[in-house]
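Contents: one structure, followed by commentary.
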Amino acid sequence: MYLDQWVWIRLARAAKGDPREDSDPQVLAAVQDAAENGVAFPLSTTHYIETSKITNPQKRLDVARTMASISHCRTLRARRVLLRHQMLHAMHLAFGRPAFRPQAPDVLGTGFRWAFEGEPGPLRLHDPAGPVDPATIDGMPDFLRKANQVAELMILAGPGDQEVGILRQQYGYRPEATIEVQASRLEWESSYVEVLAEHPASRAELRVRLQARELLHEHLALYTELASEYRINLSREIRYDPDRPNVSRRAMVSFADTIPTLRIAVDLKTELFRNATKPWTMNPIYDIDALSMAIPYCHVVVPDREMADLLSRSDTGPRHGTKIITTLADLPSALPELVEQARNAPGDRTGWDWAGQWDGYCLDWNELRKSAPSKASAA
């Protein structure tokens, strides 16, 4: 179940004893119980970015604690890894290359490196001579698991105000870079409003234009890489003929619609651009980033009301077999089915089997210190 940022904020308020609605504590309890029974509530890169925008360090830590305690810092895999598979699958269906059906990657993992880079990145034990097997030190596997859990929490929560100075001076910390990227992305979307004012289009035509725009701006590097790797000649594959442009046009529309993340983004942007009176902000851009990745891989998604309405216009949920929930009060009713599936599912139910026996998610520095083996304490 993928929870939008507003849901996590509501759950964090309930966890602090300050619920927005009287039913929020019951929702929190239901989600916590489902998580302990194996239901995954994965985070995405969007969660890390939006949490970092909370200016009050304590409130940011409160939200991060709630996220970590429920999600166990399980994350959806990096966008590029998942999109590579989606695009390869679309090429296989549309062009017959690759000749084989590409193997689906693992989607769920643990931690920020899985979300941003697509690879696991746990903290490991070293001494001056190199890696150390934690099993050779009594109590070390448990300590190392808790150290990883606290580290993931602190990365999600971000630095405190008193830490920013040293991070800037010694480690190149520059959060302004994110703001600069945001401004560029916002300008890209906002600028098209003016283009549409001069060159209006029907809904169908607008959607085709946005497909081309999305593919060229967001995915051209990946497409070019894969086309070169599999020697795909696009003009030949789509039967391009300047005297019959609609043939190749239909082929490209079909190809783009076979890439789930691209299609969801295009459908949402089509509806947003049709409402020329509402200016673009970063909120819908974040929502599109998150939902276009979550919906193809999650059983249930809880967006905000606006996005849920826009998704319903293109039947996005039913097309992917994903249930879209719009109110927090409706969330618990979707959990029993997921709990049943989780109980019967093989494999890792927590995301932390690689780190040893599960006994909950460590959220506290003092608990971590108390569990430190004597050698770790001496070090």
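Given a Förster distance of 45 Å, report the FRET efficiency between Arg369 and Ala329 from their Cβ-Cβ distance, rounded to the nearest 0.05. All intermediate terms of the calculation are to be shown ahead of the outcome.
Values: r = 40 Å, r/R0 = 0.89.
The calculated FRET efficiency here is 0.65.
For a quick size check, give me the Cα extents of the chain along its three principal axes, largest first, whole Å.
78, 52, 50
Within 10 Å of each candidate Cβ there may be at most 13 other Cβ atoms; applying that plus a DSSP loop requirement, which trypsin sites (Lys or Arg not before Pro) in segment 106-152 survive?
Passing both the DSSP loop test and the Cβ count: Arg124.
Going out from 0 in 10 Å bins, what whole percent of all Cα-Cα distances in segment 319-379 drops into each bin?
Bins of 10 Å from zero give 15, 28, 27, 19, 10, 2 percent of pairs.
Based on the alpha-carbon gyration tensor of segment 238-281 and its eigenvalue square roots a ≥ b ≥ c, which shape applies: rounded if a/c is under 1.5, prolate if not and a/b is larger than b/c, or oblate? Mind showing how you got there, number by number?
Numbers: a/c = 4.83, a/b = 1.99, b/c = 2.43.
Here segment 238-281 falls in the oblate category.
Place +1 on the Cβ of every Lys and Arg and -1 on the Cβ of every Asp and Glu in the chain, take the dipole about the Cα centre, and give the residue among Pro296, Trp354, Thr224 whose Cα lies farthest towards its positive end.
Checking the options against the dipole of the chain, the answer is Thr224.
What chymotrypsin sites (Phe, Trp or Tyr not before Pro) does segment 182-262 have in DSSP loop regions with at most 15 other beta carbons within 10 Å? If you can, show how the numbers build up before the last one.
Working: sites: Trp188, Tyr192, Tyr223, Tyr230, Tyr240, Phe255; in loops: Tyr230, Tyr240.
Of the chymotrypsin sites (Phe, Trp or Tyr not before Pro), the ones in loops of segment 182-262 whose Cβ has at most 15 other Cβ atoms within 10 Å are Tyr230.
Can you check what the net charge comes to around Gly38, using other residues whose Cβ is under 14 Å from the Cβ of Gly38 (Lys, Arg +1; Asp, Glu -1)? Each step should come with its number before you reach the end.
Numbers: positive: Arg74, Arg343, Arg349; negative: Asp33, Glu36, Glu337, Glu340, Asp348, Asp353.
Net of charged neighbours comes to -3.
Full-extension gain between Glu163 and Glu21, please, as 0.36 nm times their residue separation minus the C-alpha to C-alpha distance. Each step should come with its number before you reach the end.
Details: separation 142, 0.36 × 142 = 51.12 nm, distance 3.48 nm.
Difference between extended and current length: 47.6 nm.
Please calculate the 1.4 Å probe accessible area of Ser23, with all protein chains present, and give it to the nearest 10 Å².
The accessible area of Ser23 comes to roughly 50 Å².
With a probe of 1.4 Å, find how much accessible area the chain has per residue, and write the answer as a whole number in Å².
Working: 19570 Å² over 379 residues.
Per-residue value: 52 Å².
Can you pull a Stokes-Einstein diffusion coefficient for segment 1-77 at 20 °C (1.002 mPa s), Rh from Kirkwood over Cα pairs, as a whole number of µm²/s?
For the chosen part, D equals 172 µm²/s.
Would you be so kind as to identify which of Pro242, Gly321, Ala29 lies farthest towards the positive end of the dipole of the chain, taking Lys and Arg as +1 and Asp and Glu as -1 on Cβ and the Cα centre as origin?
Working it through, the farthest residue towards the positive pole turns out to be Pro242.
Could you give me the percent of Cα pairs per 5 Å distance bin for segment 235-325, shortest bin first, beginning at zero and ending with the bin that holds the maximum distance?
All Cα pairs, binned at 5 Å, distribute as 3, 13, 22, 20, 13, 12, 9, 6, 2, 0 percent.
Setting aside same-chain residues fewer than 8 positions from Lys146, which lysines have a Cα under 28 Å from its Cα?
Within reach: Lys16, Lys53, Lys59, Lys370, Lys375.
The values are calculated or read from the model by the stated rules, or taken from the named source; none is laboratory data. Here the structure is a predicted model, which means the values were calculated and not measured. We place every Cβ from the backbone using ideal geometry, glycine too, and count neighbours over all the protein chains shown. Quick note on the areas: whole protein, heavy atoms, side chains included, nothing else; ligands and nucleic acids left out. Shrake-Rupley method; radii C 1.70, N 1.55, O 1.52, S 1.80 Å.
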